[in-house]
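What follows is a set of notes on a single structure, which appears directly below.
Coordinate-derived values only; no laboratory data. Bear in mind that the values here come from a model prediction, so they are computed numbers and not experimental data. No Cβ is skipped: glycine too gets one built from the backbone with ideal geometry, and neighbour counts run over all protein chains shown.
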Amino acid sequence: MALSIETKCIHLEDEDNCKNHYGAVSFPIYQTATYAHPGAGKSTGFDYSRLQNPTREQLEKTVASLENGIDSFALSSGMAAISLLMELFSPGDNLIVDSDLYGGSIRLFDNVSAKNGIAFTRTEFCKVSDENKIENLITKNTKALYVETPTNPMMNVSDILLLSKIAKKHGLLLIVDNTFLSPYFQNPLDLGADIVVHSGTKYLGGHNDTLAGFIVTNRTDIQEKLRFLIKTTGAGLAPFDCWLILRGIKTLAVRMERAQENAFKIAKWLKENPLVDRVIYPGFSEHPGHKIMRKQARGFGAMITFQVKSQKLALSILEKVSLIRYAESLGGVETLITYPTTQTHADVPEELRIKNGITNATLRLSVGIENCEDLIKEFKRVFSQAQKEE
Ligand code: PLP
């Protein structure tokens, strides 16, 4: 029986689970580094936890099932996942990457992968409306297109189906970082992507208590390469952290719905506030990516980027929040406010940051699942105190 995503978050489509593990309803944590062999040349199916661990396997099956992939790989952070992906490429290869991306991905590409001979061409995938706009960037060395949609932090939206057509025509991989929407709202593999990446630290974990990362694919050739790489490089997620993410995923559907509901209300409130110059939320019909998102996603998520009147005001807001926490990260039950310039995007060269639209007055909000009235009351207090100091 095909299960809906809400149910798949709670029950893996694997009947053996009910029979094995003494019927444990919460999947057990196999806190073991190694496994005894029943005899010479025999194996229980598990040999050493760098290669496989039952708790990690359960999590990997769950995430693969949520993203409609054939397999997924659970790693120690989102950056560990993206770093492992870079091992699919060789010196001389070129990747066309989104201009606006999580700052850590830009730092990895520019400082680590570039040193290993991989070249990156930046473009604004959100402005690609036909194949020609991107085809002139593709060279004989180009191996992949790498995109976030929506992007962190500018919430740019790209057309995954269009990019997948271009990628297929030129024999390129399409890699989509799906962190901002989670598999609950968007499944890039269904739209033709070859690989999906997640910072599992965010919505999948959902509680700001665990770092994790995922790579998901529906291609057996990539699956094989990644199994070899995870075994060889050893950044697989530890059993207890796997269990925390499994537990987080059980409530993914209700958290995403509630966070999105709050986000709509807060985005509207911010839009009406005279101290706010611009609110970037793809749920608004005037957002340039709104129509594409309606087509390719089941929701708009709970991330909002907004620009206030001045840097002084932005800093003052950060100092005054208390219920809303001034902290990096996103996707948890707690509402967090971030200052990309000095936090998530501090290592992005200033010129690129400004080109992407990140200013000293840009704030990024990850809306949580608190009572929305309490969040708006907090904003009212913070904005009115900050205004008095203007
Ligand atoms: N991708 C996106 C879109 C992110 O926002 C982040 C972190 O904020 C990462 C990847 C990296 O994930 P992690 O912090 O789990 O290493």
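Numerical summary
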quantity	calculated
Most to least packed among 307-320, 333-346 [average Cβ atoms within 10 Å]	333-346, 307-320
Top of ALA144, ALA235, ALA114 by mean-square fluctuation, Gaussian network on the chain, Cα under 10 Å	ALA114
Sorted largest first, extent of the stretch 252-389 alpha carbons per principal axis (Å)	40, 36, 26
Helix 160-169 axis, angle to the chain major axis (alpha carbon atoms, nearest 10°)	50 degrees
Sequence-separation-based contact order of the stretch 147-194, relative, with Cα cut under 8 Å and 6+ spacing, percent	42 percent
Within-11-Å neighbourhood charge of ARG219 [Cβ basis; K, R +1; D, E -1]	-3
Relative contact order (%) - the chain, alpha-carbon pairs under 8 angstrom, separation at least six	17 percent
Rounded to 10°, Cα long-axis angle of helix 311-320 versus longest principal axis of the chain	60 degrees
Alpha carbon Rg of the stretch 150-291, scaled by the compact-globule rule 2.2 N^0.38 Å	1.21
Relative contact order (percent, whole number), the stretch 3-83, Cα cutoff 8 Å, 6+ residue spacing	24 percent
Highest-fluctuation residue, ASN116, ASN20, ASN156 considered, GNM on the chain with Cα pairs under 10 Å	ASN20
Reach of LYS165 by Cα under 30 Å, taken over lysines that are not fewer than 8 positions away in the same chain	LYS8, LYS61, LYS127, LYS133, LYS140, LYS143, LYS202, LYS225, LYS291, LYS295, LYS355
Rg/Rg_ref, the stretch 53-136, where Rg_ref = 2.2 N^0.38 Å and atoms are Cα	1.32
Set of aspartates and glutamates near LYS377 by C-alpha distance (under 15 Å), chain-local residues within fewer than 8 positions excluded	GLU272
Rounded to 10°, Cα long-axis angle of helix 372-389 versus longest principal axis of the chain	50 degrees
P(r) of the stretch 1-87 over all Cα-Cα pairs, binned every 10 Å from zero, in whole percent	14, 40, 34, 12, 0
Ratio of Rg to Rh over the stretch 295-372 (Cα coordinates, Kirkwood Rh, two decimals)	1.00
Cα-based convex hull volume of the chain per residue, rounded to whole Å³	143 Å³
